[in-house]
Amino acid sequence: MTGEDRAISAIARSGIAYEVIRNGRVGSLAEAAALRGMELGQVLKTLVVRRAENDFLFVLVPGDREISWPKLRLHLGVSRLSMPDAATARDVTGYERGTITPFGATRPWPVVADATITRRTVSIGAGGHGVAVVVGADALVVVLAAEVADITDPA
């Protein structure tokens, strides 16, 4: 089963309303947003963050924002966080960078979503390059049991 198949199957099982978009590989988030007919802030990046040895989490960040490491550390109550290398990210999620999504990941890591994503329609990666699903952000937060917090700053 491909990463795309695994992710879309997991999204379907979640019961959330979604639309699959296949826009092919893109060179930037701005290009993805344009092809999807969305604003940059509606395109979510799913980042994998290491909290401790063998302890990771998914962080959902709008395309027009970036992680504020001090805010995220404060929210999680830790003094140190890091981004794993590409091989580790693939090992702990089952997805390569650029395709990572909490849906269908090999381990159900916790999810933290930036507070700015709520009350709108967003797209989130669906396990393959250039494949995403469009969903309601509030429903997304619910099905992922995501913590919502102020964890980003404008890009």
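The values are calculated or read from the model by the stated rules, or taken from the named source; none is laboratory data. Just so we're clear, the structure is a prediction, and the values are computed from it rather than from any experiment. Using ideal geometry, Cβ is built from the backbone for each residue, glycine included, and neighbour counts are taken over all protein chains shown.
State the number of residues belonging to region 15-41 that are outside any helix (DSSP H, G or I), hydrophobic (A, V, I, L, M, F, W, C) and surrounded by 13 or more Cβ atoms within 10 Å (Cβ to Cβ). I'd like the intermediate steps shown before the answer.
Start the filter on region 15-41 by keeping residues that are outside any helix (DSSP H, G or I), which leaves 15-28, 37-39.
Pick out the ones that are also hydrophobic (A, V, I, L, M, F, W, C) and you get 16-17, 20-21, 26, 38.
With the extra rule that they be surrounded by 13 or more Cβ atoms within 10 Å (Cβ to Cβ), the set shrinks to 16, 20-21, 26, 38.
Total satisfying the criteria: 5.
Keeping to region 94-112, report how many residues are under 25 Å from ASP150 (Cβ atoms) and either among the basic types (Lys, Arg) or touching a Phe, Trp or Tyr at 6+ places or on another chain (Cβ under 9 Å) (or both).
Initially, region 94-112 is screened for residues under 25 Å from ASP150 (Cβ atoms), giving 100-103, 105, 108-112.
Filter again for either among the basic types (Lys, Arg) or touching a Phe, Trp or Tyr at 6+ places or on another chain (Cβ under 9 Å) (or both), leaving 100-102, 105, 109-112.
Number of matching residues: 8.
With ALA105, ALA89, ALA149 as the choices, which residue is touching a Gly at 6+ places or on another chain (Cβ under 6 Å), among the hydrophobic types (A, V, I, L, M, F, W, C) and modelled with pLDDT of 95 or more? Talk me through it step by step, then tell me what you get.
Working: ALA89 fails: touching a Gly at 6+ places or on another chain (Cβ under 6 Å); ALA149 fails: touching a Gly at 6+ places or on another chain (Cβ under 6 Å).
When all the criteria are applied, what remains is ALA105.
Looking only at residues in region 93-136 that are over 21 Å from GLU31 (Cα atoms) and free of Cβ contacts under 8 Å to residues at least 40 places away in the same chain, which one is surrounded by the most Cβ atoms within 10 Å (Cβ to Cβ)?
Taking the candidates together, the pick is THR118.
Hey, THR46 hits all of (1) among the polar types (S, T, N, Q); (2) in a loop (DSSP other than H, G, I, E, B); (3) in contact (Cβ under 8 Å) with a residue 40 or more places away in the chain but one; which does it fall short on?
With (1) among the polar types (S, T, N, Q); (2) in a loop (DSSP other than H, G, I, E, B); (3) in contact (Cβ under 8 Å) with a residue 40 or more places away in the chain applied to THR46, the lone miss is (2).
Cβ contacts < 8 Å: first residue in contact (Cβ under 8 Å) with a residue 60 or more places away in the chain and on the phi < 0 side of the Ramachandran plot, restricted to region 4-22; second residue assigned to a loop (DSSP other than H, G, I, E, B) and of a type in the set (A, V, I, L, M), any location; separation 6+ or different chain. Result?
GLU4/ALA126; ALA7/ALA126; ILE8/ALA126; SER9/MET1; ILE11/ALA126; VAL20/ALA126
Can you tell which of LEU60, LEU29 is at pLDDT below 95 and within 20 Å of TYR18 (Cβ to Cβ)? Outline the logic, then answer.
Working: LEU60 fails: at pLDDT below 95.
Selected residue: LEU29, the only one of LEU60, LEU29 that is at pLDDT below 95 and within 20 Å of TYR18 (Cβ to Cβ).
So which of ALA113, ALA105, ALA12 is hydrophobic (A, V, I, L, M, F, W, C) and assigned to a helix (DSSP H, G or I)?
Values: ALA113 fails: assigned to a helix (DSSP H, G or I); ALA105 fails: assigned to a helix (DSSP H, G or I).
Exactly one of ALA113, ALA105, ALA12 is hydrophobic (A, V, I, L, M, F, W, C) and assigned to a helix (DSSP H, G or I), namely ALA12.
If you check ALA132 against the conditions, is it part of a strand (DSSP E or B) and under 21 Å from SER68 (Cβ atoms)? Give the derivation first.
Values: part of a strand (DSSP E or B): yes; under 21 Å from SER68 (Cβ atoms): no.
No, not satisfied.
Looking at region 49-82, which of the residues that are assigned to a strand (DSSP E or B) and either on the phi > 0 side of the Ramachandran plot or of a type in the set (D, E, K, R) (or both) is surrounded by the fewest Cβ atoms within 10 Å (Cβ to Cβ)?
Pass one, region 49-82, residues assigned to a strand (DSSP E or B): 49-52, 55-62, 65-67, 82.
Next cut, either on the phi > 0 side of the Ramachandran plot or of a type in the set (D, E, K, R) (or both) only: 50-51, 55, 65-66.
Numbers: ARG50: 18, ARG51: 18, ASP55: 12, ARG65: 19, GLU66: 15.
The qualifying residue surrounded by the fewest Cβ atoms within 10 Å (Cβ to Cβ) is ASP55.
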